[in-house]
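Read the structure below first, then the notes.
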Amino acid sequence: MTGFKMIEKRNDNNKQYTVGVVETAFHSFAEPGYELRLESGDNLGPITQAYETYGRLNSDKSNAILVCHALSGDAHAAGVHEGQNNIGWWDDMIGPGKAFDTERYFVVCSNVIGGCKGSTGPSSINPMIGRPYAMDFPFVTISDMVNAQKHLIDFLGIERLLSVTGGSMGGMQVLQWVASYPEMVRSAIPIATTKKHSPQQIAFNEVARQAIMADPDWRDGGYYEHGQPNKGLAVARMIGHITFMSDQSME
């Protein structure tokens with residue numbers, strides 16, 4: 001589990017606190033013969049999950065909160081890594097005295113499978129061929145992500161989560177947790193999310209995918225030895241950001 005030390009962070013002359021220096025841990029499972037069965041019917045394994053924890057798990061393991069990240073997020077939700085200035089993406093919410101108070105709660109955040117930020121995904125080495133999976137990586141769903149997270153929660157010895165929370169795609173995972181494992185979730189905090197995509201949202205996402213695939217650096221998904229299709233990714237991100245905002249918020 002990730003250790004931490006509290007350090008002060010000053011902002012606009014107001015004293016705030018952060019969990020401090022943290023480390024990313026890794027949990028491996030789904031070894032040969034015990035692969036994770038995906039919703040598509042494919043099997044995936046072995047699987048590595050990157051995760052971080054903040055705070056301490058109490059004696060009866062009743063104070064655990066699972067934080068689920070959005071599409072472009074990762075396991076690094078709070079604090080900083082040693083020698084870096086990479087403040088976690090939800091540092092304003094996680095820490096001593098904050099909404100998810102690490103003096104009271106044990107907070108867990110993992111990178112989803114397929115996320116490519118420490119957990120097994122298309123950039124991981126396919127053990128069958130010794131090269132990145134790339135386009136051979138199986139299709140994964142929100143349900144698959146949650147099923148993989150359950151393996152981590154079981155590994156940590158947590159039988160019931162005090163809460164599951166997250167926004168956007170993270171919120172979709174929250175809803176899936178409630179649907180798939182209601183007996184393991186005491187409360188849920190889904191934020192800015194939905195239970196399904198609208199036809200318009202699906203259409204915008206397809207335009208974003210086409211922008212990436214139109215970049216010559218895409219190389220039919222085999223770009224790992226040549227550099228990312230950054231121009232296509234930039235256009236896709238611009239398209240996506242427009243869909244995140246309302247007319248009022250853009251005025």
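Computed from the coordinates by the stated procedures, all read-outs in this text should not be read as laboratory data. Everything numeric in this text was worked out from a predicted model, so none of it was measured. FYI the Cβ positions are ideal-geometry reconstructions off the backbone, even for glycines, and counts take in every protein chain you see.
What does the C-alpha gyration tensor say about the overall shape of segment 197-251? Classify as rounded when a/c is under 1.5, otherwise prolate if a/b is larger than b/c, or oblate. Prolate is the answer for segment 197-251, as a/c is 1.5 or above and a/b outweighs b/c.
Under the shape rule built on the C-alpha gyration tensor, where the axes satisfy a ≥ b ≥ c, segment 12-107 is prolate, since a/c reaches at least 1.5 and a/b is greater than b/c. With Cα atoms defining each centre, segment 25-46 and segment 177-210 are spaced 23 Å apart in the structure. Taking the helices alone, the chain has a mean residue ellipticity at 222 nm of -7500 deg cm²/dmol, built from -39,500 (n - 2.57) per DSSP H run of at least 4 residues and averaged over all its residues. Look at (i) 15.1; (ii) 15.8; (iii) 13.2: the one that is mean projected area of the Cα convex hull in nm² derived from this structure is (ii). Loop sites here are trypsin sites (Lys or Arg not before Pro) outside DSSP states H, G, I, E and B with no more than 16 other Cβ atoms within 10 Å. The longest part of the chain free of them is 197-251.
Build a GNM of the chain with springs between Cα atoms under 10 Å apart, and of Pro190, Pro96, Pro216 the one that fluctuates most is Pro216.
If you average 1/r over all unlike Cα pairs in segment 155-251 and invert the result, what Kirkwood radius do you get in angstrom?
Numbers: mean 1/r = 0.0622 Å⁻¹.
This gives a value of 16.1 Å.
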